[in-house]
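Okay, so here's the structure we're looking at.
The values are calculated or read from the model by the stated rules, or taken from the named source; none is laboratory data. No experiment lies behind these values; they were computed from the predicted model shown. Glycine also receives a Cβ, built like all others from the backbone with ideal geometry; neighbour counts cover every protein chain displayed. Note: areas computed on protein heavy atoms with side chains; ligands, DNA, RNA excluded. Shrake-Rupley method; radii C 1.70, N 1.55, O 1.52, S 1.80 Å.
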Amino acid sequence: MAAATPMSPWGSGTPDIVVGPLDLAARVDEALVVQAHAFGLSQDEIDVRRHIVLRHLDDPGARSFGAVAADGRLVGFVYGLPNSRTHWWSTVVEPYLRVTGSEDWLDGSFVITELHVHPEFQQRGIGRSLITTITDTADLPRSILSAIDTDSPARGLYRALGYQDLARQVLFPSAPKPYAVMGAPLPLRRRG
Ligand SMILES: CC(C)(COP(=O)(O)OP(=O)(O)OC[C@H]1O[C@@H](n2cnc3c(N)ncnc32)[C@H](O)[C@@H]1OP(=O)(O)O)[C@@H](O)C(=O)NCCC(=O)NCCS
């Protein structure tokens with residue numbers, strides 16, 4: 001398992017942050033609080049996500065990393081798992097990738113399922129550290145993910161790391177906004 005990486009200090013008065021392996025099943029409620037602040041989730045959505053996260057963690061390839069402040073507070077997390085064409089996410093995106101000729105990205109790819117940093121701690125390199133750390137341990141040649149299809153900080157981060165659009169305007173059942181599916185070769189591109 002990867003060792004924790006100290007990331008510090010970010011500035012006077014800001015606690016040090018450590019990025020390392022996270023027992024997400026044990027800290028799922030804290031993680032969902034982070035996600036609720038970062039992404040915006042209602043209590044009903046939190047309850048649904050809780051079940052989904054715990055089910056994903058049953059996958060033997062699932063892994064998760066967290067960013068923890070000096071006081072022990074979880075301020076960011078990422079988790080993902082190797083793609084399987086039988087997974088719900090994969091079955092939704094597959095027809096869109098077929099249209100763009102990028103369906104082969106569904107094989108040998110590590111899926112980033114969630115990546116969130118609490119707003120108070122954003123733009124300090126934590127998101128970049130989380131996603132590069134998890135993909136470095138993935139032992140697969142590439143990574144795929146979906147992000148709301150808009151010009152967001154998440155899309156900016158993914159592009160900076162080498163992710164490119166594989167499909168746009170992807171509609172997930174019950175999601176109000178369309179998503180973009182993005183893929184990148186591993187290891188992810190480093191700054192500079
Ligand atoms: C996306 C997210 C995880 C990024 O976390 P972060 O810790 O703020 O990101 P970092 O500080 O590591 O930024 C790394 C890179 O992302 C890009 N980025 C970050 N914030 C950005 C912003 N506001 N605008 C444009 N690009 C941005 C930049 O390329 C940045 O590199 P740089 O610092 O060299 O310019 C965070 O913004 C977040 O939690 N957003 C809400 C939830 C979300 O959208 N999650 C993703 C779901 S798909």
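Summary of values
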item: Check on Ala175, within 16 Å of the ligand (Cβ to nearest atom), of a type outside the set (Lys, Arg) and modelled with pLDDT of 95 or more; result: no
item: Residue in region 93-148 that is farthest from the ligand (Cβ to nearest atom), counting only those that are among the polar types (S, T, N, Q) and assigned to a strand (DSSP E or B); result: Ser109
item: Residue that is farthest from the ligand (Cβ to nearest atom), among those in region 81-90 that are open to solvent by less than 70 Å² (accessible area, probe 1.4 Å) and not in a loop (DSSP other than H, G, I, E, B); result: Pro82
item: When residues of region 25-54 are limited to those that are assigned to a helix (DSSP H, G or I) and of a type in the set (Gly, Ala, Ser), the one least open to solvent (accessible area, probe 1.4 Å); result: Ala31
